[in-house]
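Written out below as structure tokens is the structure these notes cover.
The values are calculated or read from the model by the stated rules, or taken from the named source; none is laboratory data. In this text the structure is predicted, and so the values were computed from the model without any measurement. Don't worry about glycine lacking a Cβ; one is built from the backbone with ideal geometry, like all the others, and counts go over all protein chains shown. For the accessible areas, the whole protein counts, side chains as well, though only heavy atoms, and no ligand, DNA or RNA atoms are used. Shrake-Rupley method; radii C 1.70, N 1.55, O 1.52, S 1.80 Å.
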Amino acid sequence: SPVAETFRVIQGAMSEEHVRTTQGVFQFELSGEEGGTWYIDLKTQGGGAGFGKPPVTADVVMSMSSTDFVKMFT
């Protein structure tokens, strides 16, 4: 699925340097196909991305359609 694949690519591209320099957690409230809560954690050691609420409180929460999310990251 496009949203899950986008998060898989994001997770694979993360590095400790991204975490060290960004220090932010982004939560995405997606509507439409594959909607729900997804996150990118660039604050916790090792980082992380995936479905569900982030492991720590989000610094930024964005609401958009799953289609717009995939367009934004491709």
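What is the local net charge at residue 44, summed over the other residues whose Cβ is closer than 14 Å to its Cβ (Lys, Arg +1; Asp, Glu -1)? Don't jump to the answer; show the numbers that get you there.
On the way: positive: 20, 43, 53; negative: 16, 41, 59.
Its environment carries a net charge of 0.
When both bridge partners sit in the chain, DSSP labels roughly 65% of those beta bridges antiparallel. Of the solvent-accessible surface of region 27-74, computed with a 1.4 Å probe and all protein chains present, 54% belongs to carbon and sulfur.
Accessible surface for region 2-72, divided over its residues, is 56 Å² per residue with a 1.4 Å probe. In region 2-72, Rg over Rh equals 0.95, where Rg is the alpha-carbon radius of gyration and Rh the Kirkwood radius from pairwise Cα distances.
Between residue 5 and residue 45, what FRET efficiency comes out of the Förster formula 1/(1 + (r/R0)^6) with R0 = 22 Å and r the beta carbon distance, rounded to 0.05? The computed FRET efficiency comes out at 0.30.
With a cut-off of 8 Å between alpha carbons and a minimum separation of six or more residues, what is the relative contact order of the chain in percent?
35
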